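The values are calculated or read from the model by the stated rules, or taken from the named source; none is laboratory data. This one's a predicted model, so the numbers in the text were calculated from it and none came from an experiment. Cβ placement follows ideal geometry from the backbone for every residue including glycine, while neighbour counts extend to all protein chains displayed. Accessible surface is based on the protein model in full, side chains and every heavy atom, while ligands, DNA and RNA are left aside. Shrake-Rupley method; radii C 1.70, N 1.55, O 1.52, S 1.80 Å.
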Amino acid sequence: MVLREAIVLEPGRPFPDLDLPDHTGRPRRLSEVAGGDPVALVFFRGFWCPKEQRYMRALVGVQDEFEVAYARLVAVSVDSPEVQSAFRAGLGARFLFLSDAERRWLGPLGLLEADDTVHHPYRPTVLTLFPDLTVHALYRGDWYWGRATMEELRRDMRAITRAVRER
Amino acid sequence: MSAEVARGFRWLWLDGDRLSLDPDAGGRRFGADPRPFEAEPVRGAWAHVCAVCDDESARIPYDQPEVQLARADALAWWIPLLGDSLVCLTTLSLDSVHYGGAITVTRDPDRFRADPFARLFPGRVIRTDLFGEVPPPPGPVLERYAGAPWPAGSFSAPSEGDRA
């Protein structure tokens with residue numbers, strides 16, 4: 001389902017259950033991907049952007065921690081699944097990429113980077129989500145420095161994990 | 001729901017070239033991801049079974065690096081390589097600690113020679129109607145949930161009221 005009105009992205013609000021193909025073209029739902037674990041959801045412009053290439057390499061650097069810590073890492077862009085698959089392989093990433101090549105969620109999420117009239121990409125944005133897709137934190141990635149640092153991701157994963165596991 | 005499904009796995013018996021969910025079928029018993037057996041079976045699928053059925057000593061602790069690396073390879077390139085052909089995959093547990101093998105089920109057997117799990121135990125190709133389609137693990141989680149055979153299992157999702 002695609003909502004017509006913009007969705008409010010802020011801590012404590014529900015994040016929509018995105019339905020998008022993954023980097024192999026297989027249909028996915030974000031709730032299925034989360035599978036009951038905390039999620040770091042990264043919207044990035046695309047493979048062509050040098051800032052994104054740098055940031056994605058940083059994420060690959062922490063995937064070893066995510067893979068042993070019961071937390072999910074998901075990257076979303078407007079690249080096609082084929083392009084994402086090649087980019088993912090080049091990075092050595094083992095986490096999931098979701099493709100919004102049709103730009104179905106850009107408008108409802110209010111994440112269109114309006115300045116780029118060539119690619120019409122996602123505005124770089126990082127969200128950390130509870131397993132039920134409630135937003136824990138939001139990072140606007142403009143100017144690169146707005147993106148979540150790896151330490152901020154670790155801090156958020158710690159906070160979410162504590163909240164949902166230690167009870 | 002059987003007790004093993006509730007614990008995140010389903011018993012599966014391998015006897016030579018025969019796979020069965022029947023406890024009376026004989027052969028070696030393995031724990032598998034229960035989800036493929038709850039989905040609509042894909043008729044005439046091909047299973048690449050990387051396991052040994054006649055040697056109880058053929059086992060490796062799940063946490064050994066070679067088992068971890070095979071799982072990482074599955075996420076990195078094995079699943080993307082199989083693409084739409086993939087029906088499901090599951091590792092096979094012998095108990096809460098030991099890995100006994102893996103099964104990759106596809107609609108055609110062309111790429112089984114690349115199976116990363118065949119590095120651990122030799123693979124054999126079996127035609128099967130047992131397995132249904134299950135979305136592949138999204139990664140990057142390699143750890144198992146409460147001893148279930150990867151990628152089965154999960155923590156139960158808490159409700160909002162459960163949060164600290």
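Hey, can you tell me all the residues within the range B:134-156 that are more than 10 Å from chain A (Cβ to nearest Cβ) and surrounded by fewer than 20 Cβ atoms within 10 Å (Cβ to Cβ)? Scanning the range B:134-156 gives B:ALA146, B:GLY147.
When the range A:68-79 is limited to residues that are in a strand (DSSP E or B) and at the interface with chain B (Cβ under 8 Å from one of its Cβ atoms), the one that is farthest from the chain's Cα centre (by Cα) turns out to be A:ARG72. When the range B:89-113 is examined, which residues are found to be within 14 Å of chain A (Cβ to nearest Cβ) and open to solvent by 30 Å² or more (accessible area, probe 1.4 Å)? Those that are within 14 Å of chain A (Cβ to nearest Cβ) and open to solvent by 30 Å² or more (accessible area, probe 1.4 Å): B:ARG107, B:ARG111. For the range B:56-78, residues that are among the β-branched types (Val, Ile, Thr) and closer than 21 Å to A:GLU65 by Cα total 1.
For the range A:142-161, filtered to residues that are touching a residue at least 60 places away in the same chain (Cβ under 8 Å) and open to solvent by less than 40 Å² (accessible area, probe 1.4 Å), the residue that is farthest from the chain's Cα centre (by Cα) is A:ILE160. Looking across A:PRO124, A:PRO108, one residue alone is modelled with pLDDT under 95 and more than 10 Å from every other protein chain (Cβ to nearest Cβ). It is A:PRO108. On the basis of being modelled with pLDDT of 95 or more, assigned to a loop (DSSP other than H, G, I, E, B) and open to solvent by less than 30 Å² (accessible area, probe 1.4 Å), does A:ALA58 make the cut? Spelling it out, it is not the case that A:ALA58 is modelled with pLDDT of 95 or more, assigned to a loop (DSSP other than H, G, I, E, B) and open to solvent by less than 30 Å² (accessible area, probe 1.4 Å). Report yes if B:TRP13 is under 27 Å from A:SER85 (Cβ atoms) and either touching a Gly at 6+ places or on another chain (Cβ under 7 Å) or open to solvent by 10 Å² or more (accessible area, probe 1.4 Å) (or both), otherwise no. No: the conditions fail for B:TRP13.
For the range B:71-88, check the following and say yes or no: at least one residue is at pLDDT 95 or above and touching a Cys at 6+ places or on another chain (Cβ under 9 Å). No: the range B:71-88 contains no residue that is at pLDDT 95 or above and touching a Cys at 6+ places or on another chain (Cβ under 9 Å).
For the residues A:GLU102, A:GLU65, A:GLU82, the requirement of being out of contact with any helix residue (DSSP H, G or I) (no Cβ under 7 Å at 6 or more places or on another chain), more than 22 Å from A:TYR139 (Cα to Cα), within 14 Å of another protein chain (Cβ to nearest Cβ) and of a type in the set (Asp, Glu) singles out A:GLU82. Of all the residues in the range A:12-55, those that are part of a helix (DSSP H, G or I) and within 13 Å of another protein chain (Cβ to nearest Cβ) number 5. Does B:LEU86 satisfy being open to solvent by 10 Å² or more (accessible area, probe 1.4 Å) and within 14 Å of chain A (Cβ to nearest Cβ)? It is false that B:LEU86 is open to solvent by 10 Å² or more (accessible area, probe 1.4 Å) and within 14 Å of chain A (Cβ to nearest Cβ).
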